[in-house]
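Okay, so here's the structure we're looking at.
The values are calculated or read from the model by the stated rules, or taken from the named source; none is laboratory data. Since the model is a prediction, treat every value here as computed from it, not as a measurement. Here Cβ is always computed from backbone atoms with ideal geometry, including for glycine, and neighbour counts include all displayed protein chains.
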């Protein structure tokens, strides 16, 4: 795997971790994200396939009220 792919997958796994930490269901997070940022992707797909666009990670970080770096731990 390339480093980019590894980071995308790590971002997806950290999204899952953030959901658990916030106590949010995938459906609730999906609703919050899709209210203003509907690009046809779902939370489940981000968790499974990763998040490969920085602007998407930045947007989701704002929704979760966390620093972008939380997605790359």
Q: Of all residues in region 18-41, count the ones that are within 15 Å of residue 63 (Cβ to Cβ) and at pLDDT 80 or above.
A: 14
Q | In region 45-58, the residues that are surrounded by 15 or more Cβ atoms within 10 Å (Cβ to Cβ) and over 11 Å from residue 10 (Cα atoms) | A | 56, 57
